[in-house]
Ligand SMILES: Cc1cc2nc3c(=O)[nH]c(=O)nc-3n(C[C@H](O)[C@H](O)[C@H](O)COP(=O)(O)OP(=O)(O)OC[C@H]3O[C@@H](n4cnc5c(N)ncnc54)[C@H](O)[C@@H]3O)c2cc1C
């Protein structure tokens, strides 16, 4: 069975030597001294590796079962959920006013990676609740906040998000679920939602569904969509769950992975709902949840890659096959371990360099979110808004690829369920699809985010890269291996941006044919920037005589690998973008 060990040391490096969190001016960050964050991460490491990781395979093999309208979660999930709740993990970065611990989002992100890596299906129950609570926090009335938030922050009640309908996924304007206003100010919600994660289960005493629906007579399409709070059990005057509302689970889906999470068809039959935010402004309110969820899903890509890599590494050191072509390494054994072979090394280095770069990118992104939320920093908000589709799309595509590479290290054994490696690829696969399929993330990046606020945020990103290169121009240790490749990759990104500016208006297909490549090009530049910055931090530690030399030298070598072997992908993506729409659109639909 696969194991999981939380990467606390690497997280501490990112938090304190790269981001220098306790020295920033973000409110709440001064408390994030190394001793404090270490204690939090160690505790999160314990519960995730000792309690959640052993349940990962159980969740995969048992799955969820629907019986008489009730969903049974896998053996051990309820007890583990109680333990997670009691430990206060569900409200780590939620406001203290509502029972949370009030820590910055960056800490929720670091611990969140551990939870997701140890057991993605399990973690989704609390993850969706967190997103729903954030939407209520941002758009709810005082009464709604008081009614729902304390119970959702503690996960005594869980939450869901209900967008998808059988005929409407990406194109939410096609939505049919309707919300009819009632005299008492509530609404009657009727319709069917499908694929609703954590839609029904018994682990919490109530489930608070956030449901998108249309009020009859409102504007056509997406502009007519509003968001509603629909509790599974009506809430009594004293705040306890009361009568059953008109919402039920009709079916749970058989699916490729995340078997431990119930994916439900939810039927709303004149269920009582309460408007969240303003009428017809549902997408705005839902975007609070979706943006948070997209970043959380990006993290799932990183987390599954980390969990799979840890096991591939153990296997590569253990499994004996063939001999090192440069000389025997294990003379007492019948063969050398897999890790001597350059092609296995390539695969492990691909995984390791992605994971550490992605972790830095995620935590840096979380810091931008804290900057935006805790300081009202509009520039940080714009930057993270630009990069959200990159975090979601690039990290989940690459994360999935890395789980496949980890599986490949096991050869045929990777394909056999007993070893548990296929679960990582199956669980990672969904992250490329939900929260807006990755093709749609690319569309959002090129079609909307690039030009947002007159292109101000993409220019700020370019400046950030340019300034780092300029400020470190005299650093000989960084120049050839880090700064020069970053400069080239950034030029590729700018050239791609220029192509879209010149061609996007006159031939939208030219821009959209290159959007997926652009998302990956952008992702590589982000990780390239993170690696250059991490190399600088590692070099400084070595120059200062750090005792743990091996850690920093490993960091530098891993970074050099990324810059030499992964970052050149930007040239390929640029070439594809520059080829425009013709190669993509050459065939008529009938010619396929
Ligand atoms: C396990 C699971 C859990 C889920 N959980 C939830 C949940 O909790 N709540 C919820 O509301 N939904 C949930 N979903 C639904 C999920 O978010 C949707 O499946 C997803 O957004 C895609 O919608 P769709 O399946 O209808 O695909 P479609 O919208 O039909 O898209 C099909 C393909 O076409 C592409 N495409 C669509 N439009 C365009 C376009 N304009 N340009 C280019 N390409 C396009 C897409 O990228 C995709 O590859 C879940 C789905 C699954 C499988």
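Where a number appears in this text, it was derived from the coordinates with a stated rule and is not lab data. All values derive from a computational prediction rather than experimental measurement. Cβ coordinates were reconstructed from backbone atoms using ideal geometry, including for glycine residues, and neighbour counts include every protein chain displayed.
Annotations for the structure displayed:
- Two-decimal Rg/Rh across the chain, once Rg and the Kirkwood Rh are taken from alpha-carbon atoms: 0.97
- For the chain, the longest principal axis of the Cα atoms and the long axis of helix 549-561 meet at an angle of about 80 degrees.
- Annotation: extensible slack from residue 589 through residue 475 equals 35.6 nm (criterion: 0.36 nm per residue apart, minus Cα-Cα distance).
- Taking every DSSP bridge with both residues inside the chain, close to 80 percent are antiparallel.
- Shown is the FRET efficiency for residue 413 and residue 374, computed with R0 = 56 Å from the Cβ-Cβ distance and rounded to the nearest 0.05: 0.75.
- Per-pair calculated FRET efficiency, R0 = 45 Å: residue 557 and residue 287 via Cβ, rounded to 0.05: 0.65
- Estimated [θ] at 222 nm from DSSP helical runs (n ≥ 4, -39500 (n - 2.57)) normalised by residues in the chain, nearest 500: -17000 deg cm²/dmol
- Inter-centroid distance (Cα atoms) of the stretch 33-55 relative to the stretch 118-155, Å: 22 Å
- Acute angle (nearest 10 degrees) that the helix 342-375 long axis makes with the longest principal axis of the chain, alpha-carbon atoms: 50 degrees
- Cα→Cβ-extended label distance, 7 Å offset, between residue 167 and residue 20, nm: 5.8 nm
- Peptides 301-314, 352-365, 262-275, 26-39, ordered by how many other C-beta atoms sit within 10 Å of their residues on average, highest first, read 301-314, 352-365, 262-275, 26-39.
- Relative to the current alpha-carbon distance between residue 462 and residue 506, full extension at 0.36 nm per residue lengthens the span by 13.3 nm.
- Label sites at residue 36 and residue 548, each approximated as a point 7 angstrom past Cα along Cα to Cβ, lie 2.0 nm apart.
- Full-stretch length increase - residue 329, residue 564 - with 0.36 nm per residue and alpha-carbon distance subtracted: 81.9 nm
- Pairwise label distance in nanometres, residue 575 with residue 1, each label 7 Å out on the Cα-Cβ vector: 4.8 nm
- Axis angle, to the nearest 10 degrees, between helix 120-139 and the longest C-alpha principal axis of the chain: 60 degrees.
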